[in-house]
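Rule-based calculations on the coordinates, nothing more; no lab input. The structure displayed is predicted, hence computed values, not measured ones. Backbone-built Cβ (ideal geometry, glycine too); neighbour counts: all protein chains shown.
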Amino acid sequence: MLSEAIERFISKLHKLDQARQHVPEGEEHLPAAKYFREVVLPVMQELRIAGDELEVVCADEIWPFPKYRDLLHVS
């Protein structure tokens, strides 16, 4: 299960990298903003889902970031 979750995360990470390589460039910012909204943001959401899955199945000792549950209970 962990290895499958890692594979999904890596796949989504590569997909995000590919999407970022095609951002329209130029003086006008609107095409780039629309591209981010329509292409990059949905891929980021897919990556987030894969990351959330990893957070649940990965042991606390090897997870390098604060887990979501820890962020909710920080005083």
Counting Lys and Arg as +1 and Asp and Glu as -1 over every other residue whose Cβ sits under 15 Å from the Cβ of Val57, the net charge comes to -4
Grab the Cα-Cα distance for Leu13 and Gln45, subtract it from 0.36 nm times how many residues apart they are, and report the gain in nm with one decimal.
10.4 nm
Using alpha carbons only, how many degrees (0 to 90, rounded to 10) separate the axis of helix 41-57 from the longest principal axis of the chain?
10 degrees
Taking Phe36, Phe65, Phe9 and counting other C-beta atoms within 10 Å, the order from fewest to most
Phe65, Phe36, Phe9
By how many degrees, 0 to 90 and rounded to 10, does the Cα axis of helix 2-20 deviate from the longest principal axis of the chain?
20 degrees
Looking at segment 1-58, which GluC sites (Glu not before Pro) are in a loop (DSSP not H, G, I, E or B) and have at most 11 other Cβ atoms within 10 Å?
Glu25, Glu27, Glu28
Calculated SAXS-style log₁₀ I(q)/I(0) at q = 0.13, 0.14, 0.16, 0.20 Å⁻¹ - the chain, Debye, Cα scatterers:
-0.52, -0.58, -0.69, -0.87
